[in-house]
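Undergrad: A single structure is presented below for examination.
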Amino acid sequence: MSEDLRKIIVDGREIEVPAHYTLLQAAEAAGREIPRFCYHERLSVAGNCRMCLVELVGAPKPVASCAWGVRDCRPGPEGQPPEMKTLSPMVKKAREGVMEFLLINHPLDCPICDQGGECDLQDQSLAYGRAGSRFAENKRAVEDKYMGPLIKTIMTRCIQCTRCVRFATEVAGVPELGATGRGEDMEITTYLQAAMTSELSGNVIDLCPVGALTSKPYAFNARPWELKKTETIDVMDALGSNIRVDSRGGAVLRILPRVNEEINEEWISDKTRFVWDGLQRQRLDRPYARRNGRLEPVSWAEALSIAAEKLSGAPERIAAIAGDLCAVEDLKAAKDLFDVLGVSSIDCRQDGAAIGGGAREGYLFNTTIYGVEDADAILLIGTNPRLEAPVLNARIRKTWLGGGAAIGVIGEAADLTYPYEHLGAGPESLEELIGKRTGFIQKLKKAQRPMIVLGMGALARRDGAAVLRLAGELASAVGAVKDGWNGFNVLHAAAGRAGGLDVGFLPGKGGKDTAGILSAAKGGKLDTLVLLGADEIGMDALGETFVIYVGTHGDAGAHRADLILPGAAYTEKSALYVNTEGRVQMTSRAVFPKGEAKEDWAIFRALSERMGRTLPYDNLDQLRRKLFDDCPVLAGLDHAPGAETAKDFDPAKLGKAGKLTAAPFESPVTDFFLTNQVARASKTMAECSALASGVTRRAAE
């Protein structure tokens with residue numbers, strides 16, 4: 001028997017498990033289900049609900065299986081393996097007693113509780129509880145607490161499992177929840193009853209095993225058995241978190257996380273979870289054309305005729321800019337059409353980031369999200385992962401907690417929920433770091449697996465290409481890229497960016513990038529501009545240019561547009577997205593597009609036919625076949641390349657040498673809750689933004 005394995009007998013069956021396993025884990029390895037409320041695989045052990053009691057042969061009383069290790073069990077009197085019973089009369093009586101205590105004060109409001117139908121307390125009381133209660137005393141009542149616009153509290157239901165407290169402290173890194181009082185007077189609350197400020201706060205709703213913490217925006221909307229559940233992918237940031245969209249009729253009513261150990265574990269950000277009301281508001285549901293200064297509804301036939309006429313001019317006076325939420329198929333169809341028309345001024349980098357056009361590893365998060373846990377030194381350059389990718393930030397915090405990885409930051413000195421060494425604010429600090437022989441540079445050089453993360457705050461600026469080259473040189477100097485490990489990373493802030501770079505939605509020969517397109521439009525050198533959901537550019541710079549907007553919401557682009565072609569949101573189509581680590585994932589349609597809206601690729605296919613330049617595909621399958629033929633790397637679904645191309649890393653091929661500016665790096669995300677058109681249409685996100693800005697102002701004062 002290996003030194004790190006132990007034998008244990010579970011209900012008469014002898015098994016072998018790792019020595020660090022708890023009795024609960026050993027029981028599950030043997031196929032036995034152990035009820036629990038306070039225990040959670042990703043949180044520290046509290047051992048306070050006692051629902052997981054088991055009988056350990058030889059012990060005088062039942063033991064809490066979540067807190068008792070296999071290595072702590074004594075062998076039998078004749079040296080036989082320790083024995084545990086999970087179904088004995090002692091265990092049955094113990095569980096019934098614990099459940100009876102838990103239900104002493106729990107209110108009988110299951111019919112009006114939003115947790116009804118998916119409540120751990122309901123399920124376990126049925127399976128392990130008594131038929132009745134021996135307590136006739138009045139139940140206690142607890143005052144509800146305020147936790148912000150996202151979390152609804154009915155604290156009389158709370159069973160003090162402390163999952164929420166441990167999550168806020170350990171995973172989110174924002175210790176704003178705690179317990180006051182003792183015994184029957186114990187209550188869970190935020191300090192001073194203030195709103196939670198974590199971007200991951202909504203996860204306590206999933207963690208709560210009863211109905212004490214529920215979703216405030218979702219309250220009383222539906223029962224779980226009424227909802228259609230669709231497994232899909234999130235696009236609120238570039239991580240591609242795995243989610244489940246719950247819908248009824250044509251409306252999305254809830255978004256929940258799915259477990260994916262390599263990306264989001266089982267957490268999602270508050271924006272991902274609560275943005276769903278923005279999918280219903282301010283939607284573009286039919287084509288519009290501007291006449292006499294006003295947008296008026298038109299038919300699809302008329303809208304396509306207008307678009308075809310405007311795109312039939314000189315190719316050099318036509319351009320296109322893609323936004324942050326575009327799917328790969330949409331960008332591919334648009335690019336195919338513009339290639340046929342001879343239009344070379346196209347760009348998917350509406351923020352002007354200096355990436356793309358070279359090897360794929362030059363713009364990906366090459367360490368992979370899961371690989372962050374292996375890093376022992378991390379340098380963040382021009383990024384605030386807490387706002388740009390909260391789930392990734394939690395993974396970095398987990399790495400710091402697990403091994404004490406050294407973390408350095410060049411950029412904004414923000415609260416990242418873990419300690420770090422602030423090395424400077426701008427490119428000069430990065431340049432100085434490379435020239436130093438002591439300090440943090442030595443931590444990077446001595447590290448076995450150093451990691452450098454370059455954010456859009458460092459790349460979406462005039463000297464972005466020079467910063468990219470400098471970061472590549474640093475990665476080479478500290479040995480961040482070697483066989484089996486690629487520690488050079490670009491953290492995208494937009495879900496559609498990596499896919500756009502993969503399909504080559506970039507300026508062609510003689511074409512202009514985003515800055516050049518806007519300059520040409522302002523100077524009257526551009527006749528037609530197509531915006532594919534691009535709302536973050538300066539609309540005032542477009543001058544008299546005819547703007548065709550293909551998108552989903554009445555945001556900045558639609559207000560400026562002369563022609564609107566309504567598209568489908570990410571919950572309304574089956575589409576491919578490439579996350580920041582280069583992993584190709586597919587969304588699934590949860591509801592149908594609103595009104596007369598169509599999927600974006602279908603719009604460009606119809607437009608090509610109207611122009612007599614019909615694209616060579618009639619359906620999504622045919623489009624994907626051409627996509628995979630032209631871009632074979634996109635055919636590898638759910639695969640992150642990681643260090644596969646580490647041997648080909650060459651900093652000389654990254655960006656270009658140039659003059660650095662003195663301006664400090666600034667995160668592209670100034671308001672976490674309002675980063676895209678879907679979020680800006682959400683009433684819930686607007687409330688969160690207003691609350692967060694108020695908290696920020698008070699902190700500054």
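Undergrad: Could you give the C-alpha radius of gyration of the range 564-640 expressed as a fraction of 2.2 N^0.38 Å, taking N as the number of residues it contains?
TA: 1.20
Undergrad: What FRET efficiency, computed as 1/(1 + (r/R0)^6) with R0 = 22 Å and r the Cβ-Cβ distance, is obtained for Leu87 and Val259, rounded to the nearest 0.05?
TA: 0.20
Undergrad: Shifting gears a bit: Considering the options Pro419, Ser65, Ala212, tell which one lies farthest towards the positive end of the dipole of the chain, charges being +1 on Lys and Arg and -1 on Asp and Glu at the Cβ, about the Cα centre.
TA: Among Pro419, Ser65, Ala212, the one farthest towards the positive end of the dipole of the chain is Ala212.
Undergrad: Right, another one. For the range 448-521, what's the radius of gyration and Dmax over Cα atoms, in angstrom?
TA: 15.0, 50
Undergrad: Of the GluC sites (Glu not before Pro) in the range 136-215, which ones lie in a loop per DSSP and count no more than 13 other C-beta atoms within 10 Å?
TA: Loop-located and lightly packed - Glu137, Glu143.
Undergrad: Right, another one. With only alpha-carbon pairs counted, each pair once and no self-pairs, how large is the Kirkwood hydrodynamic radius of the chain in angstroms?
TA: When all Cα pairs of the chain are included, the Kirkwood radius is 27.6 Å.
Undergrad: Angle between the Cα long axis of helix 300-310 and the longest principal axis of the chain, 0 to 90 degrees, nearest 10?
TA: That helix lies at roughly 50 degrees to the long axis.
Undergrad: A further question on this structure: Which of the three applies to the range 593-693, rounded, prolate or oblate, going by the alpha-carbon gyration tensor with a ≥ b ≥ c and a/c under 1.5 meaning rounded?
TA: oblate
Undergrad: In whole Hz, with x marking every Gly and Pro, tabulate ³J(HN,Hα) for the range 68-73 from phi via Karplus 6.51 cos²θ - 1.76 cosθ + 1.60, θ = phi - 60°.
TA: Calculated HN-Hα couplings, in order: 10, x, 4, 5, 8, 7 Hz.
Undergrad: Can I ask one more? Rounded to two decimals, what ratio of Rg to Rh does the range 155-225 give with C-alpha atoms and a Kirkwood Rh?
TA: When Rh is taken as the Kirkwood radius, the ratio is 0.97.
Undergrad: What does the highest-first list of 361-372, 465-476 look like by mean Cβ count within 10 Å?
TA: Output ranking for 361-372, 465-476: 361-372, 465-476.
Undergrad: Non-local amide H neighbours of Ile233 (under 5 Å, H modeled in plane, Pro and chain starts lacking H): which ones?
TA: Here Ile243, Ser588 satisfy the definition.
Undergrad: Would you kindly calculate the mean projected area, averaged across all directions, of the convex hull enclosing the Cα atoms of the range 108-157, in square nanometres?
TA: The orientation-averaged projected area of the Cα hull of the range 108-157 comes to 4.7 nm².
Undergrad: Rolling a 1.4 angstrom probe over the protein heavy atoms, how many square angstrom per residue are accessible across the chain?
TA: Ligands and nucleic acids excluded, the result is 41 Å² per residue.
Undergrad: Okay, moving on. What fraction of the Cα pairs in the range 308-455, stated in percent, has a spacing above 17 angstrom?
TA: Of all Cα-Cα distances in the range 308-455, 70 percent exceed 17 Å.
Undergrad: Report, by chain and number, residues whose modeled amide H sits under 5 Å from the one on Glu83, excluding near sequence neighbours (fewer than 5 apart, same chain).
TA: Placed amide hydrogens put Ile9, Val57 under 5 Å from Glu83.
Undergrad: Which of the lysines could a cross-linker bridge to Lys335, judged by Cα under 29 Å and excluding same-chain residues fewer than eight apart?
TA: Lys310, Lys509, Lys512, Lys522, Lys525, Lys573, Lys594, Lys598, Lys626, Lys653, Lys656
Undergrad: By per-residue mean of other Cβ atoms within 10 Å, what is the highest-first order of 657-663, 553-559, 594-600?
TA: Listed from highest to lowest mean packing, they are 553-559, 594-600, 657-663.
Undergrad: To the nearest 10 square angstrom, what accessible area does Leu126 show with a 1.4 Å probe?
TA: We get 150 Å² for Leu126.
Undergrad: Just the Kirkwood number for the range 242-355, please: inverse of mean 1/r across all distinct Cα pairs, in Å, one decimal.
TA: For the range 242-355, the Kirkwood estimate is 17.9 Å.
Undergrad: Cβ under 9 Å from Pro390's Cβ, Pro390 left aside: what net charge do those residues give with Lys, Arg +1 and Asp, Glu -1?
TA: Surrounding charge for Pro390 is -2.
Undergrad: To continue, here is another question. Any idea how far the Cα center of the range 326-399 sits from the one of the range 585-602, in Å?
TA: Centre-to-centre (Cα) distance: 23 Å.
Undergrad: Output ³J(HN,Hα) for the range 393-410: one whole-Hz value per residue in order, computed from phi by the Karplus curve 6.51 cos²θ - 1.76 cosθ + 1.60 with θ = phi - 60°, and x for Gly and Pro.
TA: Ordered by residue, 3J(HN,Hα) equals 4, 5, 5, 5, 4, 4, 5, 5, 5, x, x, x, 4, 6, 10, x, 9, 10 Hz.
Undergrad: Show Tyr191, Tyr146, Tyr21, Tyr418 ordered by accessible area, largest first, where the area counts protein heavy atoms only and the probe is 1.4 Å.
TA: Tyr191, Tyr146, Tyr21, Tyr418
Undergrad: Per residue, what volume in Å³ does the Cα convex hull of the range 246-309 take up?
TA: For the range 246-309, the hull spanned by Cα atoms encloses 162 Å³ per residue.
Undergrad: Would you give the gap between the C-alpha center of the range 264-295 and the C-alpha center of the range 104-133, rounded to a whole Å?
TA: Taking the Cα centre of the range 104-133 as reference, the centre of the range 264-295 is 37 Å away.
Undergrad: Residues with beta-carbon under 15 Å from that of Arg360, excluding Arg360: net charge, scoring Lys, Arg +1 and Asp, Glu -1?
TA: Net charge in that neighbourhood comes out at -3.
Undergrad: Please give me, ordered by residue number, the trypsin sites (Lys or Arg not before Pro) of the range 480-559 that lie in loop per DSSP and have at most 12 other Cβ atoms within 10 Å.
TA: Lys509
Undergrad: Whole-Hz ³J(HN,Hα) for each residue in the range 272-277, computed from phi via Karplus 6.51 cos²θ - 1.76 cosθ + 1.60 with θ = phi - 60°, x for glycine and proline: what do you get?
TA: Coupling constants for the range 272-277: 4, 6, 10, 7, 4, 5 Hz.
Undergrad: Please state, rounded to one decimal and in Å, the Kirkwood hydrodynamic radius that the range 115-203 gives when every pair of distinct Cα atoms enters the mean of 1/r.
TA: 14.8 Å
Undergrad: Can you list residues whose amide H is under 5 Å from Thr22's amide H, if they're 5+ apart or on another chain and H is modeled 1.01 Å from N?
TA: Hits under the 5 Å cutoff: Val70.
Undergrad: Quick check: with the 1.4 Å probe, what order do Met84, Met539, Met586 take by accessible area, largest first?
TA: Listed by decreasing accessible area, they come as Met586, Met539, Met84.
Undergrad: List the equivalent ellipsoid semi-axes of the range 407-502 in whole Å, largest first, each obtained as the square root of 5λ for an eigenvalue λ of the Cα gyration tensor.
TA: That gives 21, 17, 14 Å for the three semi-axes.
The values are calculated or read from the model by the stated rules, or taken from the named source; none is laboratory data. What you see is a predicted model, and the numbers here were worked out from it, not measured in a lab. Ideal geometry is used to build each Cβ from the backbone, glycine not excepted, and the neighbour counts take in all protein chains shown. In case anyone asks, the SASA skips ligands and DNA or RNA and just uses the protein heavy atoms, side chains included. Shrake-Rupley method; radii C 1.70, N 1.55, O 1.52, S 1.80 Å.
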